[in-house]
1. Restricting attention to the stretch 68-106, and to residues there that are closer than 28 Å to LYS197 by Cα and basic (Lys, Arg), which single residue is farthest from the chain's Cα centre (by Cα)?
2. Can you find a residue that is outside the structural domain of MET255 (by TED's automatic domain parsing) and farther than 30 Å from GLY266 by Cβ anywhere in the stretch 188-195?
3. Give me a count of the residues in the stretch 94-107 that are out of contact with any strand residue (DSSP E or B) (no Cβ under 7 Å at 6 or more places or on another chain) and exposed (fewer than 15 other Cβ atoms within 10 Å of the Cβ).
4. Just the residues that are modelled with pLDDT of 90 or more and either surrounded by 15 or more Cβ atoms within 10 Å (Cβ to Cβ) or touching a Ser or Thr at 6+ places or on another chain (Cβ under 9 Å) (or both), please, taken from the stretch 266-280.
5. Are any residues in the stretch 107-137 under 56 Å from the mean Cα position of the chain (by Cα) and in a loop (DSSP other than H, G, I, E, B), and if so, which ones?
6. Just to verify a result, which residue in the stretch 63-91, among those that are aliphatic (A, V, I, L, M) and assigned to a loop (DSSP other than H, G, I, E, B), is farthest from ILE227 (Cα to Cα)?
7. Can you tell me which of ASP244, ASP261, ASP237 is assigned by TED's automatic domain parsing to the domain that holds LYS205, loosely packed, with under 15 Cβ neighbours inside 10 Å and outside any loop (DSSP other than H, G, I, E, B)?
8. Could you tell me how many of the residues in the stretch 287-325 are outside any strand (DSSP E or B) and either closer than 26 Å to ASN57 by Cβ or out of contact with any strand residue (DSSP E or B) (no Cβ under 7 Å at 6 or more places or on another chain) (or both)?
Amino acid sequence: MKKAIIIFFLFMAVGAVAYTLYNNKTEMNEAANLAMKSSEFISITTEKVAKKTVNRNFEANGVFEAHQELKLMSETSGSIVKILKKKGSYVKRGDLIVQIDDRLIRADYEIAKLNRDQAEKDLQRYANLAATDAITKKQYEENEKAFKIADAQFSALKKRLADTQITAPISGFINEDYYELGTLVSPGMPIADIINKNPLKLAVKVSESEIAKVKRGDMIPVEVNAINGQEFSGKVDFISDKADASFKYEVILEMTGKDADQIKAGMFGTAKFEFSQNEEVLQISRKSIVGSLKNPGVYLIEKGEAVYQPVTINTLDEGTVEVLEGLTEGQEVISSGLINIKEGTKVKVQ
């Protein structure tokens, strides 16, 4: 009797487990079916292609640069014995800045000059003798060779002597100097930094759509961040023919007017390009664009499915783009949920 009761409870336990497993399987199947039904489409939102008013004027920021800037180097060795210009001095091209001790080089130069002059006289005398066949051709050629050697030595020492006088290769201000009286210099050692900021230039970067409006010779208003309440002007002096990696083109403005002397190289400026009045263009949000700005596109909805549409755009401000080709006013494009969408994906507007 006791054994029969145990068997009965075992059958009851097995039945309970089987029933629970059956119910769990049913619930899992229902959940899977529900998931399959819910994955039949992706919830999205849309926006309409609409006409909006834009202003084609634009601004571009940049840094003012000197017209010329170089680091003057020594081409000889020796100690500085005379200083004529220091930091902050204005120099004209060819002005003497420092004099390096030239006593030894000058002595060698004078000897070389005497040797060269003597060799020239000897060559002339031998040329006269050769004309009367008083000497052989070989004797004349040896004297000609001696003159060329003496002349080359003289030219080399003349250059070395000139190198002891370090002069300004351009006109401008000495922005930094690296010498004192008695400083021992050597070839390649920096002597001074010279800056010629006349005329000063402002380099800015503009986009593909903006560059088409800029022309060489255009006069552009310019604001200097460090000089409040005053407006300057610059003339477009250079426009690059090729865009950089960010699809921007370089434009260089040459600053004009007497007040431009207030601007220092390294200051920040803003060029204000003003060309046209307000106009209406087709616009959509930047977030509705898929792909890169080089190969952009959007997704339309046809019969409940996403359809890819390539477009031509122009980037505007405030996160919007102008649609140049590919869409018409009133069309709806998918604006959210794009991460899971591809051609033919079933979608449902929320």
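The values are calculated or read from the model by the stated rules, or taken from the named source; none is laboratory data. In this text the structure is predicted, and so the values were computed from the model without any measurement. Using ideal geometry, Cβ is built from the backbone for each residue, glycine included, and neighbour counts are taken over all protein chains shown.
1. Filtering first and then ranking leaves LYS82.
2. no
3. Here the count works out to 4.
4. Correct list: MET267, GLY269, THR270, ALA271, PHE273.
5. Correct list: empty.
6. So the first thing to find is which residues in the stretch 63-91 are aliphatic (A, V, I, L, M), and the list is 63, 66, 70, 72-73, 80-81, 83-84, 91.
Narrowing the set further to residues that are assigned to a loop (DSSP other than H, G, I, E, B) leaves 66, 84.
Numbers: ALA66: 18, LEU84: 34 Å.
In this case the residue turns out to be LEU84.
7. Checking each option against the conditions leaves just ASP261.
8. Filtering the stretch 287-325 for residues outside any strand (DSSP E or B) gives 287-289, 292-295, 303-304, 311, 316-319.
Now restrict to residues that are either closer than 26 Å to ASN57 by Cβ or out of contact with any strand residue (DSSP E or B) (no Cβ under 7 Å at 6 or more places or on another chain) (or both): 287-289, 292-295, 303, 311, 316-319.
Of the residues in that region, 13 qualify.
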